[in-house]
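What follows is calculated from the coordinates using simple rules that are stated; it is not laboratory data. Being a predicted model, the structure only gives us computed values, none of them experimental. When we count neighbours, we look across all protein chains shown, and the Cβ atoms used for this are built from the backbone with ideal geometry, even at glycine.
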Amino acid sequence: MTNTSSVLEFKSSTFFTPILILYSNDPAAIEQSLQEKINRAPDFFKNSPLVIDLRELNKSGLDIDVIETTEMLRRIGLFPIGIRGGNEQQNKQANKLSIPVDAGGEHDSANQTLNTGTTKAQSTQQPPQDSVADNTVQNDIEPSESIVHIDSTQSPAEPVSSMIVTQPVRSGQRIYARGDLIVMSQVSAGAEIMAEGNIHVYNTLRGRALAGVQGNTAARIFCLDLQAELISISGDYKTSEHLTKQMQKKPVQIYLQDHALIIKEIA
Amino acid sequence: MARIIVVTSGKGGVGKTTTSAAIAMGLAKRGHKTAVIDFDVGLRNLDLIMGCERRVVYDFINVINGEASLNQALIRDKNCNLLYILPASQTRDKDALTLEGVGKVLDELSGDFQYIVCDSPAGIEKGAYLALYYADDAFVVTNPEISSVRDSDRMLGILASKSRRAENNEEPVKEFLLLTRYDPSRVKSGEMLGLDDVQDILSLHLLGIIPESKSVLTASNAGMPVILDEKSEAGQAYEDVVARYLGEDRPHRFIEDKKGFFRKLFGGKS
């Protein structure tokens with residue numbers, strides 16, 4: 001039960017945090033493009049923490065004002081909690097705003113916090129712990145070293161791991177997968193499942209399912225019984241009003257063709 | 001260590017307090033020392049259902065704030081000396097409850113009791129959250145209608161993600177379904193969801209079906225848990241629930257219309 005003798009405790013924990021990779025230093029363009037993305041999934045982005053990635057910008061030699069960018073992000077309801085890939089000037093600006101700077105490969109605390117989410121995502125595709133456990137030091141270093149590859153979208157060759165959910169997804173719950181999302185149990189009405197990749201539901205899908213949320217138009221949704229409130233692929237959606245009941249209790253797949261959602265029975 | 005049971009539903013008026021009172025009494029009658037706690041701060045009524053409203057001196061909040069000891073606040077039931085009631089405060093609001101305070105009280109009770117039944121308030125706010133946070137088992141009370149089923153589903157989601165067991169990555173809270181105010185004739189005429197419809201959405205382990213019964217209201221007004229009314233169907237149904245919870249295998253009753261009485265032994269699906 002609660003430990004009443006101690007005042008506080010440090011625990012390491014993992015979080016998933018979206019990373020905002022900037023390719024342009026035009027504030028107006030960034031704001032507009034972000035707003036469009038947010039409009040597609042307003043609930044998901046509301047008060048969402050965010051890490052700003054400036055690596056691409058600096059690679060192309062484009063400078064950006066971190067203070068201004070942060071103000072803009074906060075204005076539209078996002079909470080920047082870190083930056084990475086910034087130059088000296090940008091890191092200084094971030095520090096001024098009390099935003100931790102991810103120094104890259106160094107093992108400082110900021111690095112840990114920022115990358116924990118990806119550590120977890122990555123660990124699922126790693127061999128079981130004990131196979132590397134004979135070398136603890138290596139085990140310790142490896143995650144944060146390889147993270148750099150995993151979450152930078154510039155190396156698409158690196159597969160993003162999929163997420164498997166075995167428990168029912170109940171009303172009010174929300175799941176976000178950076179890769180594919182596989183749900184073994186039912187998804188209740190009022191639940192929301194989102195994936196940057198495909199979504200598989202090996203049971204009844206009653207809630208909302210959004211695949212390809214970062215714009216992957218090739219993403220698909222598969223389920224055994226389609227009674228969804230809403231289905232969406234890369235922002236194109238259909239609500240239950242427009243889903244025919246004929247497709248219920250049959251395995252179906254949903255994909256995007258010329259901005260139209262196609263629902264097809266899997267024979 | 002006591003087993004902590006939360007009786008929850010999300011929706012109001014489905015029978016949480018009636019259920020809390022009945023199962024607490026049922027457990028105590030079978031020889032298990034049981035405490036039942038009213039978490040509905042500001043709208044207390046467990047004491048009314050238990051018929052001890054005139055003996056309330058100190059309450060849950062007094063204990064949390066250290067204004068009274070647990071022994072001063074616990075009220076021994078008049079019908080069963082293994083059952084104790086910890087009433088809610090009527091004058092405070094739910095902000096008076098704290099996670100640490102509740103944890104401390106449950107911890108203290110754990111040493112002395114075998115079962116602790118937490119009667120959750122309706123809604124999904126602080127009171128309901130604190131009632132379920134420390135739970136080992138959850139009795140999800142649901143009426144056979146769609147909004148109640150949806151709210152129960154939401155509660156199950158919260159149990160699976162916000163309880164202490166979920167936060168500490170322990171074995172999840174065991175979830176049981178209690179379908180209350182069930183009226184087989186209205187199910188038949190399509191006015192009410194049937195057991196199958198509810199289970200289709202919730203897919204939970206069914207602990208029992210409590211038929212709609214006048215005896216529930218009568219018992220409540222008399223300040224006597226309905227389980228003590230052994231002649232009533234609701235009383236018998238709660239008796240079954242307690243027995244099943246303790247591991248007895250009893251066939252489900254009250255699913256069928258009374259006319260099909262001998263079909264009552266139809267096993268419900270779990």
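Only helices at least 15 Å long along their axis, Cα-based, and averaging -1.0 or more on Kyte-Doolittle count here, so list those DSSP H runs from chain B. Could the numbers behind the result be given before it?
Details: long enough: B:16-29 (19 Å, 0.45); B:99-110 (16 Å, 0.32); B:146-162 (24 Å, 0.06); B:233-245 (18 Å, -0.59).
Passing helices, by number: B:16-29, B:99-110, B:146-162, B:233-245.
Nearest-5 percent of antiparallel DSSP beta bridges in the protein assembly as shown? Spell out each step's value before the answer.
Values: 15 of 78 bridges.
For the protein assembly as shown, the DSSP antiparallel bridge percentage is about 20.
Can you give me the orientation-averaged projected area of the convex hull built on the Cα atoms of segment B:1-114, in nm²?
Details: hull surface 26.6 nm².
Taking a quarter of the hull surface, the average projection is 6.7 nm².
Give the span of chain B's Cα atoms along each principal axis, as three whole-Å numbers ordered largest to smallest.
Extents along the principal axes: 56, 39, 31 Å.
Loop-only check: which trypsin sites (Lys or Arg not before Pro) in segment B:170-237 are DSSP coil with at most 15 other Cβ within 10 angstrom? The partial results should precede the final answer.
Working: sites: B:174, B:181, B:186, B:188, B:214, B:231; in loops: B:231.
For trypsin sites (Lys or Arg not before Pro) across segment B:170-237 that sit outside H, G, I, E and B with at most 15 neighbouring Cβ atoms in 10 Å, the list reads B:231.
Count charges around residue A:66 for me, please; just the other residues with Cβ under 14 Å from its Cβ, Lys/Arg as +1, Asp/Glu as -1.
On the way: positive: A:55, A:74, A:84, A:92, A:96; negative: A:53, A:63, A:65, A:68, A:71, A:88, A:102.
Computed value for this residue: -2.
Please get the size of the charge dipole for chain B, origin at its Cα centre, with Cβ charges of +1 on Lys and Arg and -1 on Asp and Glu, quoted in debye to the nearest 20. Could you put the intermediate results ahead of the total?
On the way: 34 positive and 39 negative charges, 125 e Å.
So the dipole magnitude of chain B works out to roughly 600 debye.
For segment B:178-229 and segment A:14-39, compute the distance between their C-alpha centroids and round to whole Å.
One Cα centre to the other: 51 Å.
Once the dipole of segment B:36-156 is set up with Lys and Arg at +1 and Asp and Glu at -1 on Cβ about the Cα centre, which of B:88, B:120, B:155 lies farthest towards its positive end?
The listed residue farthest towards the positive side: B:88.
As a test, work out the antiparallel percent of DSSP beta bridges whose residues both lie in chain B, rounded to the nearest 5. It would help to have the intermediate numbers written out before the result.
Details: 2 of 31 bridges.
The answer is about 5 percent antiparallel.
So if I take the alpha carbon set of the protein assembly as shown, get Rg, then get Rh from the Kirkwood formula, what is the Rg over Rh ratio? Intermediate results must be reported in sequence, preceding the final value.
On the way: Rg = 27.0 Å, Rh = 26.2 Å.
Ratio of gyration radius to Kirkwood radius for the protein assembly as shown: 1.03.
Restricting the calculation to Cα positions, tell me the Rg (one decimal) and the Dmax (whole number) of segment A:157-227 in Å.
Rg, Dmax (Cα atoms, Å): 11.1, 36.
Could you pull out the GluC sites (Glu not before Pro) across segment B:140-197 that fall in loop regions by DSSP (anything but H, G, I, E, B) with no more than 12 other Cβ atoms inside 10 Å? The partial results should precede the final answer.
Details: sites: B:145, B:167, B:170, B:175, B:191; in loops: B:145, B:170, B:191.
Counting only loop positions with at most 12 other Cβ atoms within 10 Å, the GluC sites (Glu not before Pro) in segment B:140-197 are B:170, B:191.
Just to confirm my numbers, what's the Cα centroid distance between segment B:49-82 and segment B:86-106 in Å?
13 Å
Of all trypsin sites (Lys or Arg not before Pro) in segment B:72-142, which ones are in loop regions per DSSP and have a Cβ with at most 16 other Cβ atoms within 10 Å?
Details: sites: B:76, B:78, B:92, B:94, B:104, B:126; in loops: B:78, B:92.
For trypsin sites (Lys or Arg not before Pro) across segment B:72-142 that sit outside H, G, I, E and B with at most 16 neighbouring Cβ atoms in 10 Å, the list reads B:78.
Less than 10 Å Cβ to Cβ from residue A:224, Lys/Arg counted +1 and Asp/Glu -1: what total charge do the surrounding residues give? Each step should come with its number before you reach the end.
Details: positive: A:249, A:250; negative: A:225.
With Lys, Arg at +1 and Asp, Glu at -1, the neighbours total +1.
Please report the net charge: other residues with Cβ closer than 12 Å to the Cβ of residue A:173, K and R +1, D and E -1.
Numbers: positive: A:170, A:174, A:208, B:154, B:162; negative: A:192, B:153.
Here the count lands on +3.
Using unit Cβ charges (K, R positive; D, E negative) and no other charged atoms, how large, in debye to the nearest 20, is the dipole of the protein assembly as shown about its Cα centre?
Working: 57 positive and 70 negative charges, 405 e Å.
Charge dipole, the protein assembly as shown, about its Cα centre: 1940 debye, nearest 20.
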